[in-house]
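Reading through the structure tokens given below for one structure.
The values are calculated or read from the model by the stated rules, or taken from the named source; none is laboratory data. Only a predicted model underlies this, so the values are computations on that prediction, with no experimental measurement involved. Note that each Cβ is placed from the backbone with ideal geometry, even for glycine, and that neighbours are counted across all protein chains shown.
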């Protein structure tokens, strides 16, 4: 299966598993930009708290523009790296005031998409993920933001090679019109199932598509990912141990998620005493 077909299949399975995700709240593009700057390298909870405190202290963006960086930093302390983020937010607002004479990103809607992308990327602290969030959710344009969860999942699925720039590599693979749904569902998969440590492979709807899983399974065991049957297997561990296990689909997937397991292969039928 080529990468484009694989990502389309991933999208269909995630939609069945999770349902249609609630669309990320749409709003003023400048609100989205500043909220996304606050979200960089922190949790959604911290971002939301910091954004709420920022708007509580400074109800208008003009108030933020007029405030010293130190006051902005105090308001967003909960997001972490608050001095750096405050300086970036202040710089964005200053740039808009100097170039456009107003604190709004609506002018981007009148530009070619590529030019709007370049303008956002020229802002301090704005990378492709941040820019693409604004372009996708603020303007409804077909951009695909890649965060740390999507990056991890895409690599495990074999959609990304080691040295590829993720946005450029994944964008051509995304089914047209499915950018927002796929973005949100892949993030959910990465947070709840395909975690960085101890992924919950047994709860994943994509095991037969996942290079992370398949790399640990002998080809003769891969049918167990779909038929659910039980089979005796040998578990080769990273420390050199070899253990005999009676494994059904869920057991096999749990073993593949174990960082101490190197490889699983078929074994002879185990006696009840040998099976664990």
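Conditions (1) in contact with a helix residue (DSSP H, G or I) (Cβ under 8 Å, 6 or more places away or on another chain); (2) without any contact (Cβ under 8 Å) to a residue 24 or more places away in the chain; (3) farther than 29 Å from residue 171 by Cβ, marked per residue:
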{"residue": "4", "(1), (2), (3)": "yes, no, no"}
{"residue": "11", "(1), (2), (3)": "yes, no, no"}
{"residue": "35", "(1), (2), (3)": "yes, yes, no"}
{"residue": "41", "(1), (2), (3)": "no, no, no"}
{"residue": "72", "(1), (2), (3)": "yes, yes, yes"}
{"residue": "78", "(1), (2), (3)": "yes, no, yes"}
Response to the item:
Across the stretch 104-144, the tally of residues that are surrounded by fewer than 17 Cβ atoms within 10 Å (Cβ to Cβ) and part of a loop (DSSP other than H, G, I, E, B) stands at 10
Response to the item:
In the stretch 258-269, anything closer than 15 Å to residue 218 by Cα and in contact (Cβ under 8 Å) with a residue 40 or more places away in the chain is listed as 261, 262, 263, 264, 265, 266
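Take residue 75 and tell me if it is crowded, with 17+ Cβ neighbours inside 10 Å, at pLDDT 95 or above and on the phi < 0 side of the Ramachandran plot.
Numbers: crowded, with 17+ Cβ neighbours inside 10 Å: yes; at pLDDT 95 or above: no; on the phi < 0 side of the Ramachandran plot: yes.
Here the answer is no, as residue 75 does not meet what is asked.
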Item to complete: Would you please list the contacts, defined by Cβ atoms under 6 Å and residues six or more apart or on different chains, that run from a residue in the stretch 143-169 that is touching a residue at least 40 places away in the same chain (Cβ under 8 Å) and on the phi < 0 side of the Ramachandran plot to a residue that is assigned to a loop (DSSP other than H, G, I, E, B) and surrounded by 21 or more Cβ atoms within 10 Å (Cβ to Cβ)?
Response: 153/194; 156/210; 157/210
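Considering each of 8, 97 in turn, give the residue that is out of contact with any strand residue (DSSP E or B) (no Cβ under 9 Å at 6 or more places or on another chain) and not assigned by TED's automatic domain parsing to the domain that holds residue 184. Even if it seems obvious, please write down each step before you answer.
Numbers: 8 fails: not assigned by TED's automatic domain parsing to the domain that holds residue 184.
After ruling out the rest, the residue left standing is 97.
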Discussion item. If a residue must be within 19 Å of residue 124 (Cβ to Cβ), over 27 Å from the mean Cα position of the chain (by Cα) and assigned to a loop (DSSP other than H, G, I, E, B), how many such residues does the stretch 59-84 contain?
Written reply: 2
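Residues are listed down the side, and each one gets a yes or a no for (1) at pLDDT 95 or above; (2) closer than 17 Å to residue 136 by Cβ; (3) surrounded by 14 or more Cβ atoms within 10 Å (Cβ to Cβ):
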{"residue": "5", "(1), (2), (3)": "yes, no, no"}
{"residue": "10", "(1), (2), (3)": "yes, no, yes"}
{"residue": "29", "(1), (2), (3)": "yes, yes, yes"}
{"residue": "53", "(1), (2), (3)": "no, no, yes"}
{"residue": "61", "(1), (2), (3)": "yes, no, yes"}
{"residue": "94", "(1), (2), (3)": "yes, no, no"}
Fill in: Filtered residue count, the stretch 204-243, keeping only those that are in contact (Cβ under 8 Å) with a residue 24 or more places away in the chain and in a strand (DSSP E or B)
9
Discussion item. Taking the criterion of being farther than 20 Å from residue 9 by Cβ, crowded, with 16+ Cβ neighbours inside 10 Å and over 20 Å from the mean Cα position of the chain (by Cα), would at least one residue in the stretch 222-230 satisfy it?
Written reply: no
